[in-house]
Amino acid sequence: MDNIEQTIINTAKQLFIEKGYTDTSMSDIASRAGINRSTLHYYFRTKDRMFQAVFGSIVSAFFPKATAIILDSDTPYMERISKILDEYMDFLIQNPSLPKFVCEEINRDVDNLIDSARFIGLDRLMMQAKNTLIREMEAGNLNKVDPQIVFMTFYSMMLYPFLAKNMLITLFLDKEENFQPLMQKWKSHIISQMKMMLCPMS
């Protein structure tokens, strides 16, 4: 990837998060990137293709690590949950506006979001996670819980603080610097809740 393409992707990412996908035009991206429209279209013919590139650039740093953790069958399942939660939290702390942006895209055009996820292989990662969970349940290592419930429990607990970040800071934290320490405490709570749901009682 050359410097101009990377500049375009970084610029589009900033604008999509700031203004939303719908309210960001190709002209906006070209202007902020300091290039003309013809140069922009040379790299990305449509805004949808640019969205795929932006989504891919955001997730690409996280994707290989998550895949390795999920497929590490030598590590007990709850340890894998803890490790992947650490990766997610670090990723979201670095990209705190991403959950809001993704939620907006789910409501705006979920098919485009899913196509973008498939384009970078995120659907395969989710299927690997589901299959691993089912195998652990069938082996008796975990309680048998509907994978959809596991998915919603994990992601709702993980994402909500980032969606409600401004409210949490205003009501409870006084200043933004206190948000990250709260997320460290929240990670422990998520793990505790997942253990209660999934781990058989001894």
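Worth pointing out:
- Gain upon complete extension [ASN112, ASP146; 0.36 nm per residue less C-alpha separation]: 9.5 nm
- Fluctuation leader among ILE190, ILE106, ILE149 - the chain, Gaussian network, Cα springs under 10 angstrom: ILE149
- In terms of its C-alpha gyration tensor, the stretch 104-202 comes out oblate, because a/c is 1.5 or above while a/b does not outweigh b/c.
- GNM result for the chain, Cα springs below 10 Å: residue of LEU173, LEU40, LEU122 fluctuating most strongly: LEU173
- Each Lys and Arg Cβ is given +1 and each Asp and Glu Cβ -1; about its Cα centre, the stretch 1-142 then shows a dipole of about 380 debye.
- The solvent-accessible area of ASP109, taken with every protein chain present and a 1.4 Å probe, is close to 50 Å².
- Distance between the C-alpha centres of the stretch 126-202 and the stretch 69-125: 13 Å, rounded to the whole angstrom.
- With the helix formula -39500 (n - 2.57) applied to DSSP H stretches of n ≥ 4, the chain reaches a computed 222 nm mean residue ellipticity of -24000 deg cm²/dmol.
- Close Lys pairs in the chain, defined as Cα atoms under 21 Å apart and 8 or more places apart or on different chains, number 27.
- Shape call, the stretch 12-118: gyration tensor on alpha carbons, a/c limit 1.5: prolate
- Anisotropy class assigned to the stretch 1-55 is rounded, per the alpha carbon gyration tensor with a/c under the 1.5 cut-off.
- THR7 versus THR67: modelled label distance in nm, points set 7 Å from Cα along the beta carbon direction: 3.1
The values are calculated or read from the model by the stated rules, or taken from the named source; none is laboratory data. If you're wondering where the values come from, they're calculated on a predicted model, not measured in any experiment. FYI the Cβ positions are ideal-geometry reconstructions off the backbone, even for glycines, and counts take in every protein chain you see. Please note that ligands, DNA and RNA were not included when accessible areas were found on the heavy atoms of the full protein model with its side chains. Shrake-Rupley method; radii C 1.70, N 1.55, O 1.52, S 1.80 Å.
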